[in-house]
Amino acid sequence: MSSSGGSERLVAWRAREASLYRVLPYAGLAVGTVLAVVAPAPGSLAPIPTLAVAVAAGCWVAWFITLHPGWQSRRRLMAVYYAGLLTFAAAMVAASPWYGFFAWIGYLHAFPVLPARWRVTGVVTTAVLVATSQGGGPKIAMSHWPLWLVLVLFNLVAAGGLTWFGLVAEQEDAKRKRLVAELGATNRQLTETVRENAGLHAQLLTQAREAGVLDERQRMAREIHDTLAQGLTGIITQLEAAEQTRDRSADWRRHVDNALALARESLTEARRSVRAVRPETLETARLPDALVELGGRWSALNGVRAEVATTGTPRPLHPEVEVTLLRAAQEALANVARHAAASRVGLTLSYMTDVVTLDVRDDGTGFDVTGQPTPREPGGGYGLTAMRQRVTRVGGELAVESELGGGTAISASVPALPGGAG
């Protein structure tokens, strides 16, 4: 705000300076003429010739300064004007010393119209004319030349100071103009940068929005697989078993009840997944207890013994880490039920200083790990892929070891982020 106010004041001062530059020659001419007529100095010319020269001088100034202000940028033409101005000033001082008021304009017009190398000459010439008028005119001044020399010296000193201040002001003005031009260029560059940044910001927002949509799609895909897909697979398995035991009422009822329980559980978990809520088992129990409960339910449904063990000191982990390990255990057990034909499964949860690992081993048929990335899911299933994505998402690693007829081992290793993190 202060910079804007200073700029406005500078513009206003320049406007007043230009007005004085145009008006002062006529003022000096008018004062000199009035004094020459009212109080003529000894040895002055007659009024009519004096007035004729004064009118000619006024016309000269009017033609170059008032009527053609655009000529001020034409240095050679302005040098002709200044030479004519000093010629008229010399003639008028010779006619009447009172026209020293007009001769003084030579100081004022030397700076804007003359090149720098000619300004000293113009100022010195003006100083001689002013000193002559102060001495009473050429005749009297020459008759008292020592006094005239003193007056010339005095005017030269005054003119020198005026010249010095004028040069300093001109340099400051040039510096100010240069700074204003640089500031304008900087502002234009900043404006362009802001425009580019706005475009980049909009692009980043679009990319972030697209990334958020993709991340949510991937999350929903994982949750659908971990809840609906696994639940439906279990339901189908139980219903197929019920179909095979139709003649045994107790077994048939048990498989149907298991299918209903899986349906209810899958529906509950699907709703919680849509709301991005943690699995219900982790809401009511710690991770080791949730794994024990998971192993017990899985054993009851599939008739395969599942042993769950915990090593190290259990401690609360970041919710995302606990969900990842629980979902990995669910997927590993689902794979065993679908593909392994195992008689025993072991789950080991290990708490270490910086990492927590979950190892799931079975004694089933195994598979060739050098084959397809997800050989147990030739139909394009999402199991191991979803498990790996989950583990990688929290900064962990997933390792799978298996051989035909030798069982399978899956190990998920994740950072031991404390429950208060993030």
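Listed values, structure above:
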quantity	calculated
Estimated vicinal HN-Hα couplings, Hz - segment 402-408 in sequence order (Karplus 6.51, -1.76, 1.60; Gly, Pro = x)	6, 8, 4, x, x, x, 9
Segment 286-358 - percent of accessible surface contributed by carbon and sulfur, probe 1.4 Å	54 percent
Förster radius 45 Å - calculated FRET efficiency between ALA399 and ALA198 (Cβ-Cβ, nearest 0.05)	0.45
Prolate/oblate/rounded call for segment 129-202, Cα gyration tensor, a/c under 1.5 rounded	prolate
Förster-model FRET efficiency, 22 Å R0, ASP247 and GLU307, C-beta, rounded to 0.05	0.10
Mean Cβ count within 10 Å, highest first, over the residues of peptides 404-412, 73-81	404-412, 73-81
For SER44, distant residues with modelled amide H under 5 Å away	none
Shape call, segment 36-158: gyration tensor on alpha carbons, a/c limit 1.5	oblate
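The values are calculated or read from the model by the stated rules, or taken from the named source; none is laboratory data. If you're wondering where the values come from, they're calculated on a predicted model, not measured in any experiment. Heads up, the Cβs are rebuilt from the backbone with ideal geometry, glycines too, and the neighbour counts pull from every protein chain shown. The protein model used for the area step is the full one, side chains on, heavy atoms only, and it has no ligands, DNA or RNA in it. Shrake-Rupley method; radii C 1.70, N 1.55, O 1.52, S 1.80 Å.
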